[in-house]
Every structure is written in structure tokens, then in C-alpha cells.
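See below for the structure under consideration.
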Amino acid sequence: MVNGSGTWTHTVGGLATGNVLDYWFTYEKSGPQYDTPHFGYTQGGSTGGQVAQPAFSPAGGQYASAQTVTISDATAGATIRYTRDGSTPNGSSPVYTGPISVTASGTVKAFAQLAGSTDSAVATAVYTIGGTPTSCPVQSDTPDFGPNVHIYDPSMSAATIQAQLDAHFNQMKDTLSAQFSSNRVADLFKPGTYNVNDNVGFYTSVAGLGQNPGDVVINGNITVDAFNASDAGNATQNFWRSAENLAINPGGGTNRWAVAQAAPFRRIDVRGNLALYPASYGWASGGYVADSRVSGQMASISQQQWYTRDSGLGSWDGGVWNMVFSGVQGAPANTFPTPPETVLATTPVSRDVPYLYVDSANRYRVFLPSLRTNASGPSWAAGSTPGSSLPMSRFYVVKAGDTAATINNALAQGCNLFVTPGVYHLNQTLNVTRADTVVLGIGYPTFVPDNGVNAMQVADVDGVRLKGLLFDAGTTNSQALLTVGPAGSAAGHAGNPTTVQDVFFRIGGQVAGRATTSLVVNSSNTIIDHIWAWRADHGNAGTFGWTVNPADTGLIVNGNNVLATGLFVEHYQKHEVIWNGQGGRTIFFQNEMPYDVPNQAAWKSSASVNGYAAYKVGPNVTTHEAWGLGSYCYFNVNPAVSSYHAFEVPNVSGVRFHSLLSVSLNYQGTITHVINDTGAVTPTGTVPVNVVSYP
């Protein structure tokens, strides 16, 4: 911590993101430098040998006519066996040799085998052929949201509301005990004014239920800080919490939101200042703001990176390594790397998140914001966010007791999903097959795939909206946690893309999870808007380590014209991101390479190349552009390890990168180049190596 008084200006150097901590601050007043202690986590490990689960194209669902179904498997050389009568396939079942025709309703199941490997999990696809498409059964517009959703209205006393908020916070506060608990909560405020202060803990969503942010006014603070003694004044593990769709009149004039990854701050009208750093000035590793307005100053100070999208600021202060703005009115000048601010005047394509609200008749609805192109400023700046809404009766409310079967049944009947806070174990893949399906979660609902199934797959259709979900890998390897579009998807969706927003992935930490890839995007024009894909570097005992929670890659993009706005991917054991589609764009990327590489021989992308580039653009890609990308190493198990480069791209004129950097945190290992053969080796002192543009 920094002690003293007076007015300070600052430079910050030093350390690790939300997981390990070692940093320094230099405060210019009379010249002293203050050092703080560090801690880290040590892991060790490698990957398993189970065959990938087969995938169906098209996915199961309701179709007006017969379908030609292909079954593929990502494990080279694997033999696929299948059944068409709903029975479980075995070693005597027919071998798949080519597309099969599904002419009548039924269930197809398949698994894959490869000599010397463990058989895959069984994949299931249910096809309904012919007849009138089903629709979601009419449900109440004032549904039961279950015990973990708490709704407040202005008629309640401030003391009653405050007591409930404090109780939730006390349960979800502690970094050591709550960070990997199964508790989940949502605190929702109906339109009106509230005189309360809300400290926000783990797995907590705080949101207003108005149609626009000004409909719910908090005279007080919505706060995240370094709350616990174990935090040592730092906010590097303040994950998994959110605030959305309300106005704040902050006490003292400043609201504090000192967070790390997976902590979105959306659709907020801050009528004062917004501090993104802890009160102690300790380190923080965020973060993401979108569709918000800050009338005063937004200040990052000790935040090492931040992305702000489609917002309005009175002013901005701060910059450590990588501060990125797109479509932000009042953003600072584009000055990377001194200071390290990267600014795009507009966001090329965006669509703000779906959200729950109550109408004038006290009925619940979900608002669906319209697609924006070349956006600047909040979507609600002119008074209301453009878009449409759906009655709650068109949603199936997922809550305690629901299974993969009940959820899939609701999807098959044409329902959207409203997923309430909880942990849901899946023994079969969730299949989203209908265009314009909305899957909206609050309170960090968590899907855990069991027995090696893939958690969710989305068909190659228009306009699916996924928001507010956490996918947590199970202990049997899944080939992928979420797949958008089957392999080979070719349809265009520019007018109505699928959006993946505030969707997070975790492998290890809670349990010893395993998944080859977290997110695979095959559908073109998909918008990936704020994800954190995390192979855990710390957690419950026995849940992390090089061989304990294996995972190859966080994100693979095969679709064309995919846009990522706010991409956080950390600690995977091979390439963290692989981008094979043409026309891809990324605005803001934050990465840490795996901490726990045991030795260089275990971590080489080829016989002659040390390590794996964190962000790899495929060799056949001719068009790709990215802005504001940082990759950090912290090889604390073996500091002799190095990665040849952080970014690997084809040397063609249509592949362009802007504002890149690499850092060796506390000089634990090195990155030899920033991008391809450009950029110097990372030096001591936790000092970034910057590349303004490439080529």
C-alpha cells in the first residue's frame, strides 16, 4: 500500500493480471518508490487421450423436410459408430461412412473410437421432421424466478433492502472461500429511486429493471474494491460480478469498480466519477465497460488494461499497458504507446445485450437492442435504446431442478431461455437450433458438462443471442464447451448475426476440469462481445496443474467476418486463440500464457519454435485486422522457458495489427518477439515491449 498525503501523479509498472501479483508503483511527489510483496501459484501437467465427441450437421431440431446429416469427429483417424433408433451405440453398431438421410422423426446417437485412446462420449441429436413447427407454451409474464433472484421495489424500506444486500455480500465477499463456491445471486431493482449502497461480491449480478438506465436511480454506490485482508490491497482476483442498466448518484462523487476479468459494467449512467482501481491503489486487472455514460472522470490509474465500448465520458485519466476505446465520446487521444491509449472513433458493428425489464403493467419482458454500425456513444443517449421486446411468456425459466433434457425440450418447443442463478450439470449437449433464440443468464448461471459431452452447440442460423453464462468444464474431457455453427458453416449473417456476450469459460479451479477448446465459432458474422476464457492457474486444491486441468485453446474462429470486441483468453497450453476465418477483426485482446509450463521440451509449437503464439492467424488468411493486443508471460514453474513470439500472422498486406505489446511479469521467462520476428525480447523490470503497427 502507498501511504502519505498530498497530490500524487503516478506511473505504474509491474505485474501480473488477475491471478498472480508482483508489481511496483512509482508515485511522483518527493520521489519515493513503494514496493509491495507478491504471491503466485504453482502448477504442473499435460493433456489426456480421449477421442473427441462426434458432431452432427445439421444439429438436432425441428425441420420441415428430410435432412441429410453428416457426422464428423475432430480426432484424426477415429472411427464413428452410430444408431438411428435412440439406442446407445457400441462396438457392434454400424460404422459411419458418409451422410445419412433422416426422413422421419427420431434420435441419432454416435460415438468415436481410436486404437490406443479412450472412446469418446456419446453424442445425441433428436430430429423432428415435418408438421407445423412447435412454439413455446404460453407461460406467465410474472414468472417465479426461483430463490436466488431477489427483486426490490421502491415501496420497500431502505433498511430492509440494505440488510438483504449486505447479507448477499457477506456470503459472496471472501476471495479465499467464495471465489470457487457454488453460490449464485441476482439483485434486481424495479423502476424507482433507492438510497442504498451495494458492495458486489463473487457471482453476483446487480441490475435495474427499467427499460433505460435512468428508470432506476441508486443514491449511493455500487462498489467493487479489494475487500478482504487476503487481497493485500489488490483487486487482481475480483472476477465474476456485474452491474447493468441503472443510474448511480455516487456518495462522495465517485463510484468504485475495481475489478479483474469477467466483471462487465454495462448500461450504467454514472452521475459523477468512476474509479477502476482499488482505494489502496493496489493492482487491478480488468476490465470492460460498454453502453455507459460517466459524467465526470473515468480513471484507470493502477489498472493494467481496460476496454471501453460505445460510451460517453466527461474525461479519462490513466494508462498502464493497454487502454482501448471504440465508439467512446470523450475518449483520450490515440497515443499508443505513450501513454498506451488506442482509440477507434466508432465500433464497426455492435448490438447491445438483451436485458430483463418490467413494463407499465408490471409484466416482465426482455428487451432486444437493435444492431448498430459505426456506433459512437451509448445506445440510450437519445432517450431510449432502439429495438424490440419479447414477453416473458416466450421464455422458459431455467432454475433449480432443471436438467439438460428439460432445457432441450423447452428449446425444441420454440422457447427462449431465461437462466437463473445456479449450477446446472448437463449429461447431454444443449442444442440451440432456432433462429433468433435468446439465452439470457443472470447471476452467473453455470453449465457443467458431465461425461465428456459438449455443453452447448448453436446451429448456423440468424440472430441467436447468448448473454451472461459461465461454462465450467467437467472432469471428463469435452471437445468444446460452446460451438457456434457446425464445421463448414457457409451462410452469411451480416444483417442479423449471432452475438456471444458476457459469456465466460473456466477449466479447473472449481473442479479438475478438462476441455480441448472452450469456444469454437464456425458461423460467419458472429459478434464475440466480452468473453473471458480461462484455464485456471489457481483454485481449490487438486483442481489445477499442467496435467490436472488440460486445455489446448480458448477460442478457434473458422467463420468469416467475425468481430471480437473485448477478448480475454488466458493460460491455455497451446495457441490461446486460433483465427482461421477471413475478414476477422479484434478490438482489444488480453492474454497471459500458461504459468505452469514444466520445461521447454514440453512446450514447443514445432521442433524449431519455442512455445506457442498466444494469438495465431491461420496461414491461409489474407484479411484480418486487430487493435490493442497484449500478451504477458509468467513462467514461474520454470523461468528458463520462453515463447518465440506472442502473435503469429501471415505476412500479407491484408493482415494488419495495431498497438501490440508483450511483457514478462517479474521476469519469469521471456517472449523473444512481439509479432512474428518483430519486437525485442521482453526485458527485466516488467517493462512492455511495444509495436505500434505491423507490418
Non-local residues with an amide H under 5 Å from the amide H of Arg351, with H modelled 1.01 Å from N and Pro and chain starts lacking one, are Arg372
Semi-axes in Å, largest first, for the range 253-317 (Cα gyration tensor, √(5λ)) are 17, 13, 9
With label points set 7 Å from each Cα along the Cα-to-Cβ direction at Ser181 and Ser606, the distance between them in nm comes to 5.0
Links exceeding 30 Å between C-alpha atoms in this model, out of Lys467/Lys574; Lys173/Lys574; Lys190/Lys399, come to Lys173/Lys574
Counting only DSSP loop positions in the range 363-418, the trypsin sites (Lys or Arg not before Pro) whose Cβ has at most 16 other Cβ atoms within 10 Å are Arg363
With all protein chains in place and a 1.4 Å probe, Met392 shows an accessible area in Å² (nearest 10) of 0
Per principal axis, largest first, the Cα atoms of the range 162-270 extend in Å by 36, 28, 25
For the range 582-625, the per residue accessible area (1.4 Å probe, Å²) is 32
For the pair Thr684 and Thr79, the simple spin-label estimate (label points 7 Å beyond Cα toward Cβ) gives in nm 5.9
Quick note, the range 90-157: a/c under 1.5 would make it rounded; otherwise a/b > b/c is prolate and the rest oblate (a ≥ b ≥ c, C-alpha gyration tensor); here it is oblate
Across all Cα atoms of the range 325-464, Rg and the largest Cα-Cα distance (Dmax), in Å, are 18.8, 55
Carbon plus sulfur, as percent of the 1.4 Å-probe accessible area of the range 304-457, comes to 48
Options [x] 25.3; [y] 28.5; [z] 32.9 are given for Kirkwood radius over Cα pairs in Å, and the computed one is [x]
Quick shape check on the range 529-568: root eigenvalues a ≥ b ≥ c of the Cα gyration tensor, a/c under 1.5 is rounded, otherwise prolate if a/b tops b/c, else oblate, and it reads oblate
Output row, site Ala159, 7 Å Cα→C-beta label point, backbone N cut-off 17 Å, window the range 185-208, residues 195-197
1/(1 + (r/R0)^6) with r = Cβ-Cβ of Ala487 and Asn427, R0 = 25 Å, i.e. FRET efficiency to nearest 0.05, evaluates to 0.60
In terms of the alpha carbon gyration tensor, root eigenvalues a ≥ b ≥ c, rounded if a/c is under 1.5 and otherwise prolate when a/b exceeds b/c or oblate, the range 620-695 is prolate
Scoring the range 112-204 by relative contact order with C-alpha pairs under 8 Å, at least six apart, yields a percentage of 31
The extension gain from Thr373 to Thr622, computed as 0.36 nm times the residue separation minus the Cα-Cα distance, is 87.3 nm
Along the range 596-608, Karplus-curve 3J(HN,Hα) (6.51, -1.76, 1.60; θ = phi - 60°) to the nearest Hz, with x for Gly and Pro, reads 9, 4, x, 6, 5, 4, 7, 9, 9, 7, 7, 4, 10
Singleton cysteines, the chain, no second Cys beta-carbon under 4.7 Å -> Cys633
Mean projected area, convex hull of alpha-carbon positions in the range 400-463, reported to one decimal in nm², is 4.1
The percentage of the accessible area of the range 524-639 (probe 1.4 Å, all protein chains present) made up of carbon and sulfur atoms, to the nearest whole number, is 49
Cα pairs beyond 25 Å in the range 540-695, in percent, come to 24
Computed over the range 229-386, protein heavy atoms only, probe 1.4 angstrom, the accessible area per residue in square angstrom equals 25
Amide H proximity to Leu629 below 5 Å, modelled H, separation 5+ or other chain, gives Phe589, Leu660, Leu661
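The values are calculated or read from the model by the stated rules, or taken from the named source; none is laboratory data. Fair warning: this is a prediction, and the values are worked out from it, not measured in the lab. Using ideal geometry, Cβ is built from the backbone for each residue, glycine included, and neighbour counts are taken over all protein chains shown. For accessibility, only protein heavy atoms count, side chains too; no ligands or nucleic acids. Shrake-Rupley method; radii C 1.70, N 1.55, O 1.52, S 1.80 Å.
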